[in-house]
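Written below as structure tokens is the structure these notes are about.
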Amino acid sequence: MDKSAKFSRRSFTMIFLFMTMLAAVITGGCYYGLQYLLAALSSDGGNSLILPLINIEVTVSSLPQLSEFLQLLITSFVSWVIPAMAVIFLFLTLVMWLLLKIGVSGLFKKMDVASEPEQETGKRQKDPAQQRLDQERKRRMFLHMLSVLQREGRLLDFFGEDLSLYDDEQIGAAVRSVQEDCKAAMDKYIAPAPVLDQEEGDEIEIEPGFDPNAVKLTGNVAGEPPFKGVLRHRGWKAARKEVPQLADVLDSGIIVPAEVEIE
């Protein structure tokens, strides 16, 4: 459609310029022809008229009336002859442009229909390696936070341990270390903060226009806000949104790669 519109505008401009020049040539030729013919009629030749260029003598019975008519045409040439010629040539310009537009529009439609399958084929022919990488990257987003917590706090290593082999003191020391490292990682990237600043157990009022994604109402919920209730959990939100770098891997199930020290 864009190509058709461009061709339509360009063709109208070209036709308009051509018809304008043609109208100017014809109008000028008519004007000077009338002047030449009137001068020939005004010469003292009685009722005889010698046609210019071909030198043929013609006898006109009403030569004075013809001279008066030609003089009227020349006198009113600018006032109505030129506007009449302009209207005629403008009409012809529009007719030619419309005929050309109708004739070519079908061709452009066929070209557009033929190009659409090629474009769709080009989209489908995306680099297979890049397409596979994009899919794996989307799947990895779910495991990405676990990857960060393992890298920073070795959380999965702690979950994978058999705690029955250790006493409570050893478990407590390990939990403290894992908790500190994981908390540091969370604070580094998302800085968790409570959604509501009040303390749990406080009675609060939920005003109209609250965000249902930020505040979940439970219990006897009926009618329209404001609502009064007891805060059971303050919720969590990310005060910082620094997304850790997501490594490109072909296996989306890899959370943290194995480490092998080469000797």
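Nothing in this text is a laboratory measurement; each read-out follows from the coordinates by a stated rule. Since the model is a prediction, treat every value here as computed from it, not as a measurement. Note that each Cβ is placed from the backbone with ideal geometry, even for glycine, and that neighbours are counted across all protein chains shown.
Let's test the formula: R0 of 51 Å, r as the Cβ-Cβ distance of D167 and D211. What FRET efficiency results, to the nearest 0.05?
0.65
So between I26 and I82, what do we pick up on full extension, going 0.36 nm a residue minus the alpha carbon distance?
Extra length from I26 to I82 when fully extended: 19.1 nm.
How big is the dipole moment of region 195-235 about its Cα centre under a simple scheme where the beta carbon of each Lys and Arg is +1, that of each Asp and Glu is -1, and everything else is neutral? Debye, nearest 20, please.
Using only the charged Cβ atoms, the result is roughly 220 debye.
Over the Cα atoms of region 195-235, Rg to Rh with Kirkwood Rh, two decimal places?
Here Rg/Rh amounts to 0.91.
List the GluC sites (Glu not before Pro) within region 189-235 that DSSP assigns to loop and that have no more than 16 neighbouring Cβ atoms inside 10 Å.
Within region 189-235, the qualifying GluC sites (Glu not before Pro) (loop, at most 16 other Cβ atoms within 10 Å) are E199, E200.
For a footprinting-style exposure proxy, rank S76, S8, S105 by other Cβ within 10 Å, fewest first.
Ordered from fewest to most neighbouring Cβ atoms within 10 Å, S76, S8, S105 come out as S76, S105, S8.
Can you give the net charge of the other residues whose Cβ lies under 14 Å from the Cβ of Y189, counting K and R as +1 and D and E as -1?
+2
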